[in-house]
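*Asks:* Have a look at the structure that comes next, please.
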């Protein structure tokens, strides 16, 4: 029996001590809000914020919080409303490969919550009988709980759910359980989904920071230039004078074939002819797979059939691929 | 935010429709047109998807 199995079948059931920093007991990815590949501040409903977390509300900002955090955790998600009548939430879909083990089982969902308005928290778990259902897909609620929070410190809130035996995808919805005031904020971090009926101390799904990053990169990977002309892990050739064909290898195998690419300030370098800016990037669906992408970029003035390497113009240039759920 | 639709021919000869979203500040997202339309459906009718 593995350490993770021992934790879920024996120690949790008896309420015994659980070693912290244990990889494999938490099935919520980026529960500690460690990874922010897309940026550190977002607004509105229907966008990915910190890695794996999807925004649920309009008139709301979702930002990385570094000061108001529980002891032992570096970051939280600070959710602030800009109007009345909003009980903001964040969502995460748990893919079938990880969710299937919970079918017919009791699970516990817990997190640290704090609110400037001292409103209740919301802990809700949904399920779907569709394999790898998208976070915006159709789900059925298993249940919801609204435990109290305070404005003076973080409260560890938790709820238990009986997952139906036919569940293939789970969706976590957490946040405020009641409307915030205009300008009110709700803080979330340390989110954990685990087997059993006991909320054990938080630990990252990936154990270490690197482990957590790799888990996140399976869903979304962004390479950032970090230099005047930083390398962005891609190379290719000039197909025509205006069409660059570039391939990029991901750092980890992705969950699925990426469906979108984010980019800013991309250039290609031809060692003989210099630097060419790229625009209108389009993924080549017949080549792109889960280990690497191929895309076309538009430029002008290249010499045909030259070797190219993909760079970023400026330290903040980037390219990112999404296979998020 | 501005969008542009581009049809490309893949190496296997098939064609694909893409949407390129210009977010401003020289930041872009390129995705399949079908995925973009699904996202737009969420934005247009958030209650249908449980987004409040």
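*Asks:* Using the reciprocal of the averaged 1/r over all distinct C-alpha pairs, how large is the Kirkwood radius of the stretch A:165-312 in Å?
*Replies:* About 18.7 Å for the stretch A:165-312.
*Asks:* Shielding by partners for A:273-286, please: the mean number of other protein chain Cβ atoms within 10 Å of each residue's Cβ.
*Replies:* Other-chain Cβ atoms within 10 Å of each residue's Cβ, averaged: 4.
*Asks:* What translational D, rounded to a whole number of µm²/s, comes out for the stretch A:271-316 from Stokes-Einstein when the hydrodynamic radius is the Kirkwood one over Cα pairs, at 10 °C and 1.306 mPa s?
*Replies:* 128 µm²/s
*Asks:* Starting from the 7 Å offset along Cα-to-Cβ, what nm value, one decimal, do you get for the label separation of residue A:239 and residue A:41?
*Replies:* Using points 7 Å along Cα→Cβ, the separation is 3.9 nm.
*Asks:* Just want the ordering: A:286, A:225, from fewest to most Cβ atoms lying within 10 Å of their own Cβ.
*Replies:* With the sparsest Cβ surroundings first, the list reads A:286, A:225.
*Asks:* On to the next question. What list do you get for A:40, B:15, A:282 if you sort them by fewest beta carbons within 10 Å?
*Replies:* By the 10 Å Cβ count, ascending: B:15, A:40, A:282.
*Asks:* Cα gyration tensor of the stretch B:1-42, axes a ≥ b ≥ c as square roots of the eigenvalues: rounded (a/c below 1.5), prolate (a/b > b/c) or oblate?
*Replies:* oblate
*Asks:* Also, I was wondering about something else. What does the structure give for A:90-99 when I average, per residue, the other chain Cβ atoms found within 10 Å of the residue Cβ?
*Replies:* Average neighbour count from other chains, rounded to a whole number: 0.
*Asks:* Largest first and to the nearest Å, give the Cα extent of the protein assembly as shown along each principal axis.
*Replies:* 68, 51, 37
*Asks:* How high is the relative contact order of the stretch A:122-277, in percent, counting Cα pairs under 8 Å that sit 6 or more residues apart?
*Replies:* 16 percent
*Asks:* Give the relative contact order (percent, whole number) for the stretch A:212-325; include only Cα pairs under 8 Å separated by 6+ residues.
*Replies:* RCO, the stretch A:212-325: 44 percent.
*Asks:* Could you work out which residue, out of A:61, A:81, A:304, moves most in a Gaussian network model of chain A, that is, has the largest mean-square fluctuation with Cα springs under 10 Å?
*Replies:* Highest fluctuation among the options: A:304.
*Asks:* Can you put B:23, A:36, A:91, A:53 in order of Cβ neighbours within 10 angstrom, beginning with the fewest?
*Replies:* B:23, A:36, A:91, A:53
*Asks:* Something else about it: Sorted from largest down, give the three principal axis spans of the alpha carbons of the stretch A:3-217, whole angstrom values.
*Replies:* 45, 37, 32
Read-outs: derived from the displayed coordinates by stated rules, not from any lab. These numbers were taken from a predicted model, which means no experiment stands behind them. With ideal geometry, Cβ positions are generated from the backbone for all residues, glycine too; neighbour counts draw on all protein chains shown.
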